Structures are given as C-alpha cells and as structure tokens.
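The values are calculated or read from the model by the stated rules, or taken from the named source; none is laboratory data. Here the structure is a predicted model, which is why all the values come from computation and not from measurement. Cβ sites come from the backbone with ideal geometry, for glycine too, and all protein chains shown count toward neighbours. Only protein heavy atoms, including side chains, enter the accessible area calculation; ligands, DNA and RNA are left aside. Shrake-Rupley method; radii C 1.70, N 1.55, O 1.52, S 1.80 Å.
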Amino acid sequence: MKRRDCLRLALRQARGTLLRSVLCVLSVAAGVCSMLLIVCTVAFGSAQVRDGLDALGLSGLTVYLEKAGGGAAFSAEQADALEQGLPTVSRAMAIKAGSGQFRTGHVQGSAVFFGVDEKLGEVMQLRLLHGSLFRAQQVDAAERVAVIDSTLAKKLFRRENVIGKQVRLVIGGEEQIYEIIGVISSQASLLAGIAGPFIPNMIYVPYSCLAGAQEQADQIFVQCVAEADTAAAGQQLERFLRERQQVGGEIAVRSLSGALDTADELVGIVTLAFFAIASIAFVVAMLGVCSSLLAAADERKPDIGVFLAIGAQPQDILRIFLYQSMALCLLGGLIGSAFGGGLLWLLMQRVPALSAMELGRAALLFPLAAMLGGTVCGLLPALRASRLDPVDTM
C-alpha cells in the first residue's frame, strides 16, 4: 500500500470518530499553548533577572571588617596599598556608604549614597549612558558632583540625559547641591520590580564627600588580574592587610562574582522547574492521544482484519495509526501555538520589553515538537494494531 493511501485512510479514520479526534486536537492544543506561554514567559523573566544582576556591576572581590578592632583604620589608603603591594590586584577602590534624601522640584525620596573614586568604571562593570564618571581631580577636591542611573534620571526630570542638571542631596543631615555628571544604566529596576518602594535609589558621589582618606571605609572592592586565582588572591588580601598594613579586627573577603553566579544558578533551577511544570501538561495531552488511539484500535479490529485479509501488510496498518496520531498532534500543535502566540502578542502590546522574546522561533518549534510527540505516543497503538491476527479479528 502506498504511503499516500495510508495517509488518506488515516485521515478518513480520524473523520470517522470526529468527536474523539476533536477532543484529542483540543487537548494537544491546550498542552502546547500552556507550554508556550510558560516557557516564553519564564525565559523572558530569567533574561530580565540576569540583566538586572549584570546591571549591578558587581564582580571581583569585596573586603570588609566583620568586627572592628585595634590597629590601622580600614580606609581608602588601604585600597591604594593593595594596588601597589599585591601583583594579583589590578584595581582596588574603597567604598563609603550612607543614606539620606534627594530632592529636585516637587520630586523627593530616599537614597543610598556610595562614596567612590575615579576607579569606579574599572572596579564596577557599569554601563555609562551619558556624560562621564568621576575624575581624580574631582575626588581629591571633594567636588559636589554625582552619578545616577537612568531610572532615577527619568524620575527626577522625565528624561534620561540629565547631564548638567542639579539635585539637592541631604547627606549627614546637611542639604547640598550636586551637579549630575553621569548617567549609567538602571541598577534598581529589577529590585524595584520585586520590592517596589522599599528599595531606595543608588547615587554615586566622590569618596571625599562622605569620608576622608584616613577615615573608616565600609568595603574595598578589588578587581584581580585576569590570570589570578580568586581564592588564593583573597587569602593574600587578608594576610596583606593584617600583617603588612596592621589592620585590626576580623577581616572578611567575599567573591562578588561568585555570589552572582550562585544567583544565576538559582535562576536556572527555577527555569527548569517551570519548564517541567509545562512539560506535564504536554505529556498529559500526549497520553490522551495514545489512549484514544488504543481505543480506536480495539474498535476497528474487524476493519483491520479485512485490510489484512485483502493483502495489506502489517507495516501498512502501522503507518495508518502513526499518520493519524501525527496529524492530530500536528493540528493541535498549530492551533495551540497560534492561540498562545496571539496571547503573547497582545501582552507585548502592553509590555514593550517582551518584544525581546523570539516568539516566531518558539511558535514554529512547538508544532514540530507536538508532531514528534504524536509519533511517540502513536507507536504503541500502531504496533498493537499491526500485530493483530486477521482470522481472530474477523
């Protein structure tokens, strides 16, 4: 029997049990639609989380005091000593943090201030959108200049490029006017989406505006040379500060990039978990098609016996059932992809950021996956039907 004849008989058999075939198609469509929605949405969410983590600009090592003690102060001078005294250290920058308020016009709010120096762009992987970062002269002279992210810029002035604009900052209870010299990519958008108004804005100012060179620093961010082992470099940092610089207290060294890698792994685990949930709906739909074809094989035993008696081969019966299963699943996959793609398209009109998803590729892939699943789930009914004895069936 020719393959096109087998296909024609498979379609005729599907039409003969129209209600059952429609239910099979709808179950596959529902499974594919739910899988498409979940996978695309989770993929977009994972990409946003990873972009948010990257936007924080954290990498390398951070050094801080877990418990203060006697000895030399943990200060900006120690950061300079690390650069000069350790060959594994490429750049080191002291960080002084503080909290306060910002205000411009009718807009005000809370903020976390980070005192940094001219090595900000080298130590933290920030993406500069407009203007420039701090220069050494500005840090030494304690100039009242600031670097903010694009989210805060839009909040204050309703646009992104706000170079030259002034903002009032309340630091240490004193209100001061700062000029904005740089705008970086948004750092707080991811956290703000999770915790809303509880996440303050981050504003960078010269280190000397918050502390002197010999005053206590909160942390020292360290970038190591490319070939350095971060674990060994961390031990060298701790030993150097304790023995050579006589820094008192309990010194702690943490890997910032390692923490971000851990967060990225958690995102991957969550993605796999949601993908597994979506796969359950797809597998249930495939099992429904398999059970329907098993019932059809039992009901059509007399017809199968006639086909075998007039010369049809077992592989012809096998093809008929496989073609029927593949056709039902392919049709269900196309309907489910079209419906799910339509829902995602409507969602993209309200959330422009969703346009980054490769919707076309996903909509094409899932019908093919449904057809492949139809081949697998139709194999058992096809084998069972092809092995029937024509005398017994008649």
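Some points to look at:
- Some residue of the stretch 28-35 being over 30 Å from Phe366 (Cβ atoms), of a type in the set (Ser, Thr, Tyr) and modelled with pLDDT under 85: no
- Helices (runs of 4 or more DSSP H) lying entirely in the stretch 96-166 (those with 1 or more residues that are modelled with pLDDT of 90 or more): 136-140, 150-157
- Test result for Glu265, touching a helix residue (DSSP H, G or I) at 6+ places or on another chain (Cβ under 9 Å), at pLDDT below 80 and either open to solvent by less than 60 Å² (accessible area, probe 1.4 Å) or more than 24 Å from Leu129 (Cα to Cα) (or both): no
- Residue, least open to solvent (accessible area, probe 1.4 Å), within the stretch 67-121, restricted to residues that are without any contact (Cβ under 8 Å) to a residue 12 or more places away in the chain and polar (S, T, N, Q): Gln108
- Within the stretch 205-218, tally of residues that are touching a strand residue (DSSP E or B) at 6+ places or on another chain (Cβ under 6 Å), more than 18 Å from Phe134 (Cα to Cα) and either buried (at least 21 other Cβ atoms within 10 Å of the Cβ) or modelled with pLDDT under 85 (or both): 1
- Test: residue in the stretch 74-84 that is over 29 Å from the mean Cα position of the chain (by Cα), farther than 29 Å from Gln236 by Cα, modelled with pLDDT under 85 and assigned to a loop (DSSP other than H, G, I, E, B): no
- Picking from residues in the stretch 268-311 that are farther than 30 Å from Leu330 by Cβ and open to solvent by 40 Å² or more (accessible area, probe 1.4 Å), the one that is modelled with the highest pLDDT is Ile269.
- Looking only at the stretch 122-158, and only at residues there that are free of Cβ contacts under 8 Å to residues at least 24 places away in the same chain and open to solvent by 50 Å² or more (accessible area, probe 1.4 Å), the one that is farthest from the chain's Cα centre (by Cα): Gln137
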